[in-house]
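Asker: Before I ask anything, here is the structure I am working with.
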Amino acid sequence: MKSFNAILLLILFLWGCSSPEYDVLIRNGQVIDGSGSPAFKGDIGINADTIAGIGDLKNSRGRIEVDAEGLAVAPGFINMLSWAVESLIQDGRSQSDIRQGVTLEVIGEGESWGPLNEKMKTAFKESQGDIKYDIEWTTLGEFLEFLERKGISTNIASFVGTLH
């Protein structure tokens, strides 16, 4: 029985000493965590879409490892008054915002993209400028699904603004 307990303790000890593994490990960045605290040099471990570890992760491994030495690492920023809807319809990659760290576009502050009746759809179509597109939706939910099908790279939230 004593040998069983010794083996069990050894297994538990070795298991506790194993280094965590992450899908992505960002090392040596100036971490700005969004709390208002000063930036600090550290590492960030990510599993799937979840930040699973922040701090000194030098004993950890990542399937993908990124050296962020000399770079700032921060959560995504929010564009609270985005007017990028038509450019998202044309090219959903949103490179201008993504490259600046914006990961959430909040639309609808001036006008709502749903619900729309046929008269509103006609007015919307007639007011289009250089970017032309079919209005395939009626509800705001259908509009958000339309953007999703286009493959937009940012997250989207919407106010329900004034109707046309």
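Each reported figure results from applying straightforward, stated rules to the coordinates on display, with no laboratory input. Since we're looking at a predicted model, the values are computed, not measured. No Cβ is skipped: glycine too gets one built from the backbone with ideal geometry, and neighbour counts run over all protein chains shown.
Asker: List the residues, sorted by chain then number, that are 5 or more residues from G53 or on another chain and whose placed amide H is less than 5 Å from its amide H.
Answerer: Those qualifying (amide H under 5 Å, at least 5 residues apart or on another chain) are G45.
Asker: In whole angstrom, how long is each semi-axis of the equivalent ellipsoid of region 46-111, when you take the square root of 5 times every eigenvalue of its Cα gyration tensor and sort them from largest down?
Answerer: Semi-axes from the Cα gyration tensor: 32, 12, 11 Å.
Asker: Taking amide H positions as placed in the peptide plane 1.01 Å from N, state which residues far from A39 in sequence (5 or more) or on other chains have amide H under 5 Å from it.
Answerer: So A39 has HN proximity to no qualifying residue.
Asker: Enumerate the amide H contacts of S158 below 5 Å, restricted to partners 5 or more residues apart or on another chain; note that Pro and chain-start residues carry no placed amide H.
Answerer: I107
Asker: If you don't mind, there's one more thing I want to ask. Straight-line reach only, C-alpha to C-alpha below 20 angstrom: list the aspartates and glutamates that K125 could link to, leaving out same-chain residues fewer than 8 apart.
Answerer: Filter leaves E86, D91, E109, E111, D134, E136, E142, E145.
Asker: Under 26 Å Cα to Cα from K41, which lysines show up? Leave out anything in the same chain fewer than 8 places away.
Answerer: Filter leaves K58.
Asker: Determine ³J(HN,Hα), in whole Hz, for all residues of region 79-91 in sequence, where each value follows from phi through the Karplus function 6.51 cos²θ - 1.76 cosθ + 1.60 and θ = phi - 60°; x replaces Gly and Pro.
Answerer: Karplus-based 3J(HN,Hα) across region 79-91 equals 8, 6, 10, 6, 10, 8, 4, 5, 5, 5, 5, 6, 8 Hz.
Asker: Any idea what the dipole of region 77-158 comes to, in debye rounded to 20, about its Cα centre with Lys/Arg Cβ at +1 and Asp/Glu Cβ at -1?
Answerer: 120 debye
Asker: Same structure, new question: What net charge do the residues around G70 carry, taking every other residue with its C-beta under 13 Å from that of G70, with Lys and Arg at +1 and Asp and Glu at -1?
Answerer: 0
Asker: Sticking with this structure for a sec: Taking the Cα atoms of region 77-158, report the difference between the largest and smallest coordinate on each principal axis, in whole Å and largest first.
Answerer: 38, 22, 22
Asker: Can you find, among V85, S35, N155, the residue farthest towards the positive end of the dipole of the chain? Put +1 on the C-beta of Lys and Arg, -1 on that of Asp and Glu.
Answerer: Projecting each Cα onto the dipole axis, the largest value belongs to S35.
Asker: Using +1 at the Cβ of each Lys and Arg and -1 at the Cβ of each Asp and Glu in the chain, identify which of L116, T139, A68 lies farthest towards the dipole's positive end.
Answerer: Towards the positive end, the residue furthest out is A68.
Asker: Could you give the dipole magnitude of region 15-164 about its Cα centre, charging the beta-carbon of Lys and Arg +1 and that of Asp and Glu -1, in debye to the nearest 20?
Answerer: 200 debye
Asker: Using the Kirkwood radius built from alpha carbon pairs, what does the Stokes-Einstein equation give as D for region 16-73 at 25 °C and 0.890 mPa s, in µm² per second?
Answerer: In µm²/s, the coefficient rounds to 214.
Asker: Still on this structure, I have one more. What is the angle, in °, between the Cα long axis of helix 2-17 and the longest principal axis of the Cα atoms in the chain? Nearest 10 is fine, range 0 to 90.
Answerer: 40 degrees
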